[in-house]
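The block underneath contains the structure these notes are about, expressed in structure tokens.
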Amino acid sequence: MELYSERGFEQTTVADIAERAGLTERTFFRHFADKREVLFLGAGPLQELLVNALVDAPASLAPIDAVATALETAGPMFLEHREFSRQRQSIIMANAELRERELIKLASLASAIADTLRRRGVGEPAANLTAEAGIAVFKIAFERWVDDENEQDFAQLIGESLAELKAVAAGH
């Protein structure tokens, strides 16, 4: 993160990252496919956390509320890394290739959520619509959470973003 912040993503090489970390390039490539993946290391654990939380959400919840409950579970995971998340977001937003990669990761997360909703008995197109709406809620809440001016709790921002979505959907 320091290198990306100091030099910019494009100017930072794998050799630079490996040297700063005290590793060889070969060791770097054992853990990451490329230098972009350093920024997306948490995608797998996040997906696992959200899917498990959705599986465990009460069956009585409406699908969108079950997804929101699952999204709120990411709050503690993010809280430990708020400054890292802010730096990461800044780096991603400054690079079109990274923004594209972020969207791909979010699409994968939406797919996993939709699959889990289907296993919960939610039919189509509701499962896909709910998953995509959930990702939109997540994305907006996360962008607000990493804003330097915002010190609100991530779970609170998920709730606010969901309430806004429901108000828009209801025509208010």
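Values in this text are rule-based calculations from the coordinates and carry no lab data. Treat the numbers as computed from the prediction; the structure is a model and nothing was measured. Here the Cβ is made from the backbone with ideal geometry for all residues, glycine too, and neighbour counts use every protein chain on show.
General remarks:
- Qualifying residue in the stretch 6-19 (condition: in contact (Cβ under 8 Å) with a residue 40 or more places away in the chain, out of contact with any strand residue (DSSP E or B) (no Cβ under 8 Å at 6 or more places or on another chain) and buried (at least 16 other Cβ atoms within 10 Å of the Cβ)): yes
- Of the residues making up the stretch 55-62, not a single one is touching a Lys or Arg at 6+ places or on another chain (Cβ under 7 Å) and surrounded by 12 or more Cβ atoms within 10 Å (Cβ to Cβ).
- With respect to the conditions (1) surrounded by 18 or more Cβ atoms within 10 Å (Cβ to Cβ); (2) more than 20 Å from Leu157 (Cβ to Cβ), Glu2 falls short on a single one, namely (1).
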